[in-house]
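The values are calculated or read from the model by the stated rules, or taken from the named source; none is laboratory data. Note that the structure is a prediction, hence the values are computed from the model and not measured. Here Cβ is always computed from backbone atoms with ideal geometry, including for glycine, and neighbour counts include all displayed protein chains. To get the accessible areas, we keep the full protein, side chains included, count just its heavy atoms, and leave off ligands, DNA and RNA. Shrake-Rupley method; radii C 1.70, N 1.55, O 1.52, S 1.80 Å.
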Amino acid sequence: MRNQIICKYGNPEYDIVDLDLNPWTLEGIESILQDRNALIDDRDTVYYRTESFKLATDDDFVILYGINHTQTGFATYLANSFYGEELLNGVVAARMTNELQYPADEYFPKRYKNSKYYYVVKMARDSKEGNEVIIPYSTGNPQGSAFGVDNNQNVFIGFRAYVNQETKIASPLYDIIWGHAILFSKKKLPCLDPNRVVSFLK
(Lines give C-alpha, C1' and ligand atoms only; values in the text may rest on other atoms or scores of the structure.)
Protein backbone atom coordinates (compact mmCIF):
# COMPACT_ATOMS: atom_id res chain seq x y z
CA MET A 1 0.00 0.00 0.00
CA ARG A 2 2.88 2.37 0.71
CA ASN A 3 4.09 2.01 -2.86
CA GLN A 4 0.64 2.89 -4.19
CA ILE A 5 0.49 5.94 -1.94
CA ILE A 6 3.89 7.08 -3.22
CA CYS A 7 2.73 6.53 -6.81
CA LYS A 8 -0.31 8.75 -6.17
CA TYR A 9 1.31 11.55 -4.19
CA GLY A 10 4.96 11.34 -5.20
CA ASN A 11 6.18 14.48 -6.93
CA PRO A 12 9.71 15.69 -7.81
CA GLU A 13 8.90 18.92 -5.95
CA TYR A 14 8.50 17.04 -2.65
CA ASP A 15 10.77 15.25 -0.22
CA ILE A 16 9.15 12.03 1.04
CA VAL A 17 9.87 11.13 4.67
CA ASP A 18 8.70 7.96 6.43
CA LEU A 19 8.21 9.17 10.00
CA ASP A 20 9.59 6.96 12.77
CA LEU A 21 7.18 5.58 15.36
CA ASN A 22 7.67 4.93 19.08
CA PRO A 23 5.54 4.15 22.16
CA TRP A 24 4.09 7.40 23.50
CA THR A 25 3.33 6.72 27.17
CA LEU A 26 4.15 3.98 29.63
CA GLU A 27 1.40 1.73 30.93
CA GLY A 28 0.21 2.43 34.48
CA ILE A 29 2.22 -0.13 36.48
CA GLU A 30 5.39 0.54 34.48
CA SER A 31 5.08 4.28 35.02
CA ILE A 32 4.65 3.75 38.78
CA LEU A 33 7.74 1.53 38.93
CA GLN A 34 9.80 4.08 37.00
CA ASP A 35 8.26 7.16 38.67
CA ARG A 36 7.26 8.50 35.26
CA ASN A 37 4.27 10.56 34.16
CA ALA A 38 1.78 8.28 32.38
CA LEU A 39 -0.40 11.25 31.32
CA ILE A 40 -3.42 9.84 33.19
CA ASP A 41 -3.02 6.56 31.32
CA ASP A 42 -5.46 3.70 31.80
CA ARG A 43 -6.17 0.46 29.96
CA ASP A 44 -8.71 1.80 27.47
CA THR A 45 -6.27 2.45 24.62
CA VAL A 46 -2.77 2.06 23.26
CA TYR A 47 -0.60 5.10 22.63
CA TYR A 48 2.17 5.46 20.07
CA ARG A 49 3.38 8.45 18.10
CA THR A 50 5.58 9.67 15.28
CA GLU A 51 8.85 11.45 15.69
CA SER A 52 8.65 15.25 15.77
CA PHE A 53 8.52 17.05 12.45
CA LYS A 54 7.51 20.43 10.98
CA LEU A 55 5.22 21.63 8.25
CA ALA A 56 7.55 24.02 6.47
CA THR A 57 5.00 25.34 3.97
CA ASP A 58 1.24 25.38 3.40
CA ASP A 59 1.79 22.76 0.69
CA ASP A 60 3.20 20.16 3.08
CA PHE A 61 0.93 17.28 4.07
CA VAL A 62 0.95 13.93 5.85
CA ILE A 63 -0.53 10.61 4.73
CA LEU A 64 -1.52 8.18 7.50
CA TYR A 65 -2.21 4.58 6.60
CA GLY A 66 -2.47 1.18 8.19
CA ILE A 67 -4.70 -1.56 9.54
CA ASN A 68 -8.23 -0.51 10.47
CA HIS A 69 -8.59 -2.28 13.80
CA THR A 70 -12.27 -1.42 14.09
CA GLN A 71 -12.63 -4.06 11.37
CA THR A 72 -10.15 -6.60 12.77
CA GLY A 73 -11.78 -6.48 16.22
CA PHE A 74 -8.68 -5.19 18.00
CA ALA A 75 -10.36 -1.82 18.61
CA THR A 76 -13.79 -0.23 18.70
CA TYR A 77 -12.50 3.25 17.90
CA LEU A 78 -9.34 4.70 16.34
CA ALA A 79 -8.10 8.26 16.77
CA ASN A 80 -5.07 9.51 14.85
CA SER A 81 -4.43 13.03 16.14
CA PHE A 82 -2.26 15.93 14.99
CA TYR A 83 -0.46 17.56 17.94
CA GLY A 84 1.63 20.62 18.60
CA GLU A 85 4.59 19.45 20.62
CA GLU A 86 5.15 22.50 22.82
CA LEU A 87 1.64 22.51 24.34
CA LEU A 88 0.68 18.89 23.60
CA ASN A 89 -2.40 20.39 21.97
CA GLY A 90 -4.29 17.96 19.79
CA VAL A 91 -5.78 20.22 17.14
CA VAL A 92 -7.47 17.76 14.78
CA ALA A 93 -8.03 14.01 14.49
CA ALA A 94 -8.97 11.31 12.01
CA ARG A 95 -11.48 9.16 13.87
CA MET A 96 -12.62 5.71 12.81
CA THR A 97 -15.57 3.68 14.04
CA ASN A 98 -17.73 1.03 12.40
CA GLU A 99 -19.75 3.85 10.86
CA LEU A 100 -16.94 6.32 10.07
CA GLN A 101 -14.15 5.07 7.82
CA TYR A 102 -11.30 6.31 5.64
CA PRO A 103 -11.41 3.58 2.98
CA ALA A 104 -8.29 2.43 1.13
CA ASP A 105 -10.06 0.67 -1.76
CA GLU A 106 -8.34 2.74 -4.46
CA TYR A 107 -4.94 1.37 -3.44
CA PHE A 108 -5.87 -2.26 -4.10
CA PRO A 109 -7.01 -4.26 -7.13
CA LYS A 110 -10.76 -3.92 -7.74
CA ARG A 111 -11.58 -7.49 -6.72
CA TYR A 112 -9.44 -7.50 -3.59
CA LYS A 113 -11.75 -8.61 -0.77
CA ASN A 114 -9.79 -7.38 2.24
CA SER A 115 -9.49 -3.65 1.51
CA LYS A 116 -11.94 -2.92 4.36
CA TYR A 117 -9.18 -3.85 6.81
CA TYR A 118 -7.08 -0.82 5.78
CA TYR A 119 -7.35 2.94 5.95
CA VAL A 120 -5.64 5.94 4.34
CA VAL A 121 -6.00 9.50 5.68
CA LYS A 122 -4.57 12.76 4.31
CA MET A 123 -3.88 15.60 6.74
CA ALA A 124 -3.25 18.93 5.02
CA ARG A 125 -3.71 22.69 5.32
CA ASP A 126 -6.47 22.82 2.70
CA SER A 127 -8.78 20.54 0.76
CA LYS A 128 -7.73 19.58 -2.75
CA GLU A 129 -9.37 16.16 -2.95
CA GLY A 130 -12.37 16.80 -0.72
CA ASN A 131 -11.57 14.17 1.92
CA GLU A 132 -8.68 15.73 3.83
CA VAL A 133 -8.50 16.30 7.56
CA ILE A 134 -7.70 20.02 7.68
CA ILE A 135 -4.87 21.18 9.98
CA PRO A 136 -5.83 24.56 11.51
CA TYR A 137 -3.40 27.42 12.14
CA SER A 138 -2.66 28.85 15.55
CA THR A 139 -2.27 32.47 14.43
CA GLY A 140 -5.67 34.09 13.95
CA ASN A 141 -7.58 31.02 15.08
CA PRO A 142 -11.00 32.27 16.26
CA GLN A 143 -11.19 29.54 18.92
CA GLY A 144 -7.83 30.47 20.40
CA SER A 145 -4.16 29.93 19.55
CA ALA A 146 -4.02 26.47 21.18
CA PHE A 147 -6.63 25.20 18.71
CA GLY A 148 -4.10 25.19 15.88
CA VAL A 149 -0.42 24.88 14.98
CA ASP A 150 1.53 27.20 12.67
CA ASN A 151 4.14 26.24 10.12
CA ASN A 152 7.71 25.60 11.30
CA GLN A 153 6.52 24.49 14.74
CA ASN A 154 7.36 21.03 16.12
CA VAL A 155 4.42 18.68 15.68
CA PHE A 156 3.70 14.94 15.79
CA ILE A 157 0.95 12.44 15.09
CA GLY A 158 -0.43 10.46 18.04
CA PHE A 159 -2.14 7.13 17.37
CA ARG A 160 -4.75 5.53 19.63
CA ALA A 161 -6.72 2.28 19.34
CA TYR A 162 -9.46 2.07 21.96
CA VAL A 163 -10.90 -1.09 23.57
CA ASN A 164 -10.46 -4.50 22.01
CA GLN A 165 -13.93 -5.70 21.01
CA GLU A 166 -13.51 -9.06 22.77
CA THR A 167 -11.53 -8.24 25.93
CA LYS A 168 -13.16 -4.80 26.50
CA ILE A 169 -9.79 -3.28 27.38
CA ALA A 170 -7.03 -1.96 25.15
CA SER A 171 -5.13 -4.45 23.04
CA PRO A 172 -1.50 -4.83 24.16
CA LEU A 173 0.73 -2.35 22.33
CA TYR A 174 2.72 -5.03 20.52
CA ASP A 175 -0.29 -7.22 19.72
CA ILE A 176 -1.52 -4.82 17.06
CA ILE A 177 0.01 -3.73 13.77
CA TRP A 178 0.85 -0.05 14.07
CA GLY A 179 -0.23 2.60 11.60
CA HIS A 180 2.30 4.57 9.53
CA ALA A 181 2.84 8.18 8.53
CA ILE A 182 4.55 9.70 5.50
CA LEU A 183 5.46 13.40 5.39
CA PHE A 184 5.41 15.05 1.96
CA SER A 185 7.50 18.21 2.35
CA LYS A 186 7.73 20.80 -0.43
CA LYS A 187 11.34 21.28 -1.47
CA LYS A 188 12.85 24.73 -1.08
CA LEU A 189 13.89 26.48 -4.25
CA PRO A 190 17.66 27.08 -4.41
CA CYS A 191 18.72 30.59 -3.52
CA LEU A 192 20.16 32.60 -6.39
CA ASP A 193 23.25 34.77 -5.99
CA PRO A 194 22.01 38.30 -6.81
CA ASN A 195 25.46 39.20 -8.26
CA ARG A 196 25.22 36.31 -10.73
CA VAL A 197 21.68 37.36 -11.67
CA VAL A 198 22.80 40.93 -12.37
CA SER A 199 25.77 39.65 -14.36
CA PHE A 200 23.49 37.40 -16.39
CA LEU A 201 21.06 40.24 -17.12
CA LYS A 202 23.91 42.41 -18.43
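Can you find even one residue in region 124-137 that is touching a residue at least 40 places away in the same chain (Cβ under 8 Å), within 27 Å of Lys8 (Cβ to Cβ), open to solvent by less than 20 Å² (accessible area, probe 1.4 Å) and in contact with a Lys or Arg (Cβ under 8 Å, 6 or more places away or on another chain)? Within region 124-137 (the criterion being touching a residue at least 40 places away in the same chain (Cβ under 8 Å), within 27 Å of Lys8 (Cβ to Cβ), open to solvent by less than 20 Å² (accessible area, probe 1.4 Å) and in contact with a Lys or Arg (Cβ under 8 Å, 6 or more places away or on another chain)), the answer is yes, since at least one residue qualifies.
For region 84-123, which positions are under 22 Å from Leu55 (Cβ atoms) and without any contact (Cβ under 8 Å) to a residue 12 or more places away in the chain? Reasoning before the result, please.
Going through region 84-123, the residues under 22 Å from Leu55 (Cβ atoms) turn out to be 84-95, 102, 119-123.
The one that is under 22 Å from Leu55 (Cβ atoms) and without any contact (Cβ under 8 Å) to a residue 12 or more places away in the chain: Leu88.
Of all residues in region 42-57, those that are open to solvent by 10 Å² or more (accessible area, probe 1.4 Å), in a strand (DSSP E or B) and among the hydroxyl-bearing types (Ser, Thr, Tyr) total 2. With respect to Asp60, determine if the residue is loosely packed, with under 15 Cβ neighbours inside 10 Å and of a type outside the set (Val, Ile, Thr). In short, no.
Residue-by-condition table, conditions (1) in contact with a helix residue (DSSP H, G or I) (Cβ under 6 Å, 6 or more places away or on another chain); (2) open to solvent by 70 Å² or more (accessible area, probe 1.4 Å):
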site: Gly84; (1), (2): no, no
site: Val92; (1), (2): no, no
site: Asp105; (1), (2): yes, yes
site: Phe108; (1), (2): yes, no
site: Val120; (1), (2): no, no
